[in-house]
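Reviewing the structure listed below.
Only the coordinates and a few stated rules stand behind these numbers; no lab work does. Just so it is clear, the structure is predicted and the values come from calculations on it, not from any experiment. As a convention, Cβ positions derive from the backbone with ideal geometry for all residues, glycine included, and neighbour counts pool all protein chains shown.
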Amino acid sequence: MDALKIGIVFDDSLDKPDGVQQYILALGSWLNEQGHEVHYLVGETTRKDLPRVHSLSRNVTVRFNGNKLSMPLPTSKTNIRSLLSQEAFDVLHVQVPYSPFLAARIVKAASPTVAIVGTFHILPNSRVAALANKVLAFWLHANLRRFNAFVSVSSAAQKFAKQVYGIDSNVLSNVIDYDRFHNAAPNSAYRIGRPTILFLGRLVPRKGCKVLLEAVNILVHEKDFTNLQVLVGGKGQLMPELVSYVKEKRLEHIVTFLGYVDEDAKPSLYASADISVFPSSGGESFGIVLLEAMASGRAAILAGNNPGYASVLAAQPALLFDPLDTKELATKLQKLLEQNDTRTAYAVWGAAYTQNFDVSLVGTKLLELYKQALRMRRNVQ
């Protein structure tokens, strides 16, 4: 069994830089480098910089699980069958949960000789999201029986897969391109001789940027940390509110809003920070942003104590905080700002720890799973 033709199936768009998209793109790039042929079977996607992208649906934007998601409208079954017949994939790798209108139709139309592997990513952020997934699990019950293997990106996602879908899965973690982040040089525009705190993420309530700014306000106006630089990268619905808060609290000389940060700029931005903070309150099945920040080896991180982030930082619980407790975050920031040795030790630990998530290590294990599933599938026939 040599080079494989692999279809990575994802209902959403590849135009966004969210965690699942990062997983797909890092994995797909590595697999291509190993000599395999990767195709992306996805929802409405406009980007032209990727090879072999098949945009198979029109999508609509909905708000779900604390995010804006791009959901596929019903996809042509004829087009799906034509694509699968033309490409003759060996493996289809489906991102789970998935829509009955796109991924489910691909699974149903797949040849009996095609191995199908699923990866669970999601962790519900509310009772409504959990209920919706239970309904979806019921709807997809027969379709899911076609899969040959399942993995989950974290123990939190593994628990979700079992409780909601009744599926046993092994944990095979999220991936990063370690060298891309570890070898990045700091951006000289941000290394200006002041301790730098970084937030990078969507400016939506559950990501918690407001909590960070409230903690910074405590540091500046109550603890006299006036020689700080706080960088806020990202865009979203809370931008006007956050800008108003910074003006109201007279933090304009401290806080800089960077707006949307391109993927190519992220490694140098992480390398420019002394502390990266991710105050997400929930809805995280893993926390790939934590790995990216730690991989630089230059910054300590602090993260909201939600199940996904906690699974990543199980070995360093002191780096977690209650994402609704502004004072706790301010106290942890103060400690890291005052104790350079502690901050450096956490940065060194993070750089070593994140090597375990490099795409070359995780990808090798996933590739073996593909091959096992394919052998099992074709031996059955």
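Given points 7 Å out from each Cα along the Cα-Cβ axis, report the Arg145 to Glu33 separation in nanometres with one decimal.
Taking the two extended label points, one gets 4.1 nm.
Taking 2.2 N^0.38 Å as the expected size of a compact globular protein, what ratio does the Cα radius of gyration of the stretch 179-356 give against it, to two decimals?
Compactness ratio reported: 0.93.
How high is the relative contact order of the stretch 179-356, given as a whole-number percent (alpha carbon pairs under 8 Å, six or more residues apart)?
Numbers: 316 pairs, mean separation 46.0, N = 178.
Across the stretch 179-356, relative contact order equals 26 percent.
Springs between alpha-carbon atoms under 10 Å, Gaussian network over the chain: tell me which of Phe286, Phe138, Phe101 tops the mean-square fluctuations.
Phe138
Averaging sequence separations of C-alpha pairs under 8 Å and six or more residues apart, then dividing by the length of the chain, give the relative contact order as a whole percent. Before the final figure, lay out each step's value.
Details: 733 pairs, mean separation 62.4, N = 381.
Averaging sequence separation for qualifying contacts and normalising by length gives 16 percent for the chain.
Strictly over 29 Å apart at the Cα level, which of Lys48/Lys159; Lys235/Lys365; Lys16/Lys159 would you flag in this model? Let's see the in-between values first.
Numbers: Lys48/Lys159 36 Å; Lys235/Lys365 35 Å; Lys16/Lys159 27 Å.
Listed pairs above 29 Å: Lys48/Lys159; Lys235/Lys365.
In the chain, if the dipole is taken from +1 on Lys/Arg beta carbons and -1 on Asp/Glu beta carbons about the Cα centre, which of Tyr353, Ile106, Phe199 is farthest to the positive end?
Sorting the options by dipole projection puts first Ile106.
Which length gain, in nm to one decimal place, applies between Thr364 and Gln334 when the Cα-Cα distance is subtracted from 0.36 nm times their residue separation?
Details: separation 30, 0.36 × 30 = 10.80 nm, distance 4.08 nm.
Length gained, Thr364 through Gln334: 6.7 nm.
Once the Cα atoms of helix 239-248 and of the chain are each reduced to a long axis, what angle between those two axes, in degrees from 0 to 90 to the nearest 10, is obtained?
For 239-248 against the chain, the angle is about 10 degrees.
Multiply the residue gap between Ser85 and Gln372 by 0.36 nm, knock off their C-alpha separation, and tell me the result in nm, one decimal place. If you can, show how the numbers build up before the last one.
Working: separation 287, 0.36 × 287 = 103.32 nm, distance 2.27 nm.
Once the chain is fully extended between Ser85 and Gln372, it gains 101.0 nm.
With Cβ to Cβ distances under 11 Å as the rule, what net charge do the other residues near Arg105 carry (K, R +1; D, E -1)?
Working: positive: Lys77, Arg81, Lys108; negative: Asp11.
Spelling it out: positives minus negatives among the neighbours equals +2.
Sticking with the crude label model, points 7 Å out along Cα→Cβ, report the distance from Asp179 to Ser76 in nm, one decimal please.
In this crude spin-label approximation the distance works out to 4.2 nm.
Could you give each residue of the stretch 35-43 its phi-based ³J(HN,Hα) in whole Hz, using Karplus coefficients 6.51, -1.76, 1.60 with θ = phi - 60°, and x for Gly or Pro?
x, 8, 10, 9, 10, 10, 9, 9, x
Can you work out the PRE-style zone for Val171? Point 7 Å along Cα to Cβ, and I want the residues of the stretch 298-325 with backbone N under 14 Å.
Within reach of a label on Val171: 307-317.
Could you work out [θ]222 nm for the chain from helices alone, using -39500 (n - 2.57) per DSSP H run of at least four and dividing by all its residues? Round to the nearest 500 deg cm²/dmol.
On the way: 15 runs with 158 residues, N = 381.
That calculation yields -12500 deg cm²/dmol at 222 nm.
Under a crude label model (7 Å from the Cα following the beta-carbon direction), how far is Thr113 from Trp349 in nanometres?
The modelled label-to-label distance comes out at 5.2 nm.
Work out, step by step, the length gained on full extension between Thr226 and Ala315: first 0.36 nm times the residue separation, then minus their alpha carbon distance; give nm to one decimal.
Extra length from Thr226 to Ala315 when fully extended: 28.8 nm.
Among DSSP bridges having both ends in the chain, what percentage is antiparallel? Round to the nearest 5. Walk me through the intermediate numbers first.
Values: 6 of 49 bridges.
Of the beta bridges lying entirely in the chain, close to 10 percent run antiparallel.
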